[in-house]
1. Using only Cα atoms, figure out Rg for the stretch 12-171 and give it as a multiple of 2.2 N^0.38 Å.
2. Along the stretch 27-36, what does the Karplus equation 6.51 cos²θ - 1.76 cosθ + 1.60 (θ = phi - 60°) give for ³J(HN,Hα), rounded to whole Hz, x for Gly and Pro?
3. If Rh is defined by the Kirkwood formula over all Cα pairs and Rg also comes from Cα, what ratio Rg/Rh do you get for the stretch 95-179?
4. Pull up the DSSP beta bridges for the stretch 13-166 and report the antiparallel fraction as a percent, rounded to 5.
5. On the full set of protein chains, 1.4 Å probe, figure out the accessible area of Asp153 and give it in Å² to the nearest 10.
6. From the Cα gyration tensor of the stretch 29-111, with a ≥ b ≥ c the square roots of its eigenvalues, which class applies: rounded if a/c is under 1.5, or else prolate if a/b is larger than b/c, or else oblate?
7. Where a ≥ b ≥ c are the square roots of the eigenvalues of the C-alpha gyration tensor, would you call the stretch 230-288 rounded, which needs a/c under 1.5, or, failing that, prolate if a/b is larger than b/c, or oblate?
8. Could you pull out every residue, at least 5 positions away or on a different chain, whose amide H is within less than 5 Å of the one on Ser145? Hs are placed 1.01 Å off N in the peptide plane, and Pro or chain starts have none.
Amino acid sequence: MSTRRASVAAGLVITGVLLLIIAFTTWYTVDESEQAIVITFGQAGTPVTESGLHFKMPWPVQHVEKLSKETFSLQFGYKQDPNGELVSFDKETKMITGDEYIVLADLVVQWKITDPEKYLFNSQNPQEILHDATSASIRSVIGSSTIDSALTDGKAEIEAKTRELLTTLMTNYDIGISIQGVKLQDVELPNAEVRAAFTAVTDARETKSTKINEAEKYKNQRESEAIGERDAIKSRALGQKKARIEQAHGDVALFNDLHAEYAKSKAITRQRLIIETLEQVLPKAKIYIMNDDGETLKYLPLQQLENQTPPPAEQKTEGGGN
């Protein structure tokens, strides 16, 4: 009798356990930031992305795997400890550039799970694969870049190439991960002495660029001044040319007029030209016209005659006179 009661009690316990399992494993909830996939005897079903209450077959027939839909951040080369301080991994970030310099480069990769089935079943540890692919991508890009590009104005290009290469690797690996972005955090030289030397080289390069710019500015200024002087000389020359041409035309017209007068009266015109020439050559000299034909008067003092003033006229007396 006791054995029968024990069997009944055991059956009731087993039944109760089964009912509890059925009661608690036939439904599940999906949050707005989650996505779920129902697995039936190891076979993955269609991903469930709608939030709320959902039902399924009880365990062990079906079970649910929930994955986040949010964007994850992979910190390559450093991590943040519980106290909020950054811990660097120099061995992981030490790389060689294309011109054989050593740099330390760390970055952040933004990624999401876009295919839950592939994320769960196509790899044993997809995040480790992503980490290794990130390391391979950044090393490949840094290895084909120069030290100047990596430390100065080439970071944007390095980020773009790293993202492109990492996206290609994730597509080839087919592990359900998509790359959202790649952001370089720090690219620096390994020690203070090397950094100081590189800084000195950079300063010298900037000084060289400044001197070249100043020289170009001075060159352009002098060229502008020379062009201005050339244009001014040309303008003066053109003005002088025009003036000389006009003067020549005037001289020709004057000569033609003189020639016409000379043709009419050669002797008078000749004497007038001689007198005018003497006045121009000897402006302060006194000119006398000489008469050497045997008469008493040898010369005519024209200027003295011109300077003499006429005597005043005699006044008539009232009432007349003799």
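The values are calculated or read from the model by the stated rules, or taken from the named source; none is laboratory data. What you are looking at is a predicted structure, and each value in this text was computed from that prediction instead of being measured. The area values use the complete protein model at the heavy-atom level, side chains included, leaving out ligands, DNA and RNA. Shrake-Rupley method; radii C 1.70, N 1.55, O 1.52, S 1.80 Å.
1. Normalised Rg, Cα atoms only: 1.46.
2. Karplus values, whole Hz, x for Gly and Pro: 9, 7, 10, 10, 7, 5, 8, 10, 9, 10.
3. Rg divided by Rh gives 1.05.
4. 100
5. 140
6. Since a/c reaches 1.5 and a/b is larger than b/c, the shape of the stretch 29-111 is classed as prolate.
7. Taking the square roots of the gyration eigenvalues as a ≥ b ≥ c, the stretch 230-288 is oblate.
8. Those qualifying (amide H under 5 Å, at least 5 residues apart or on another chain) are Gly98.
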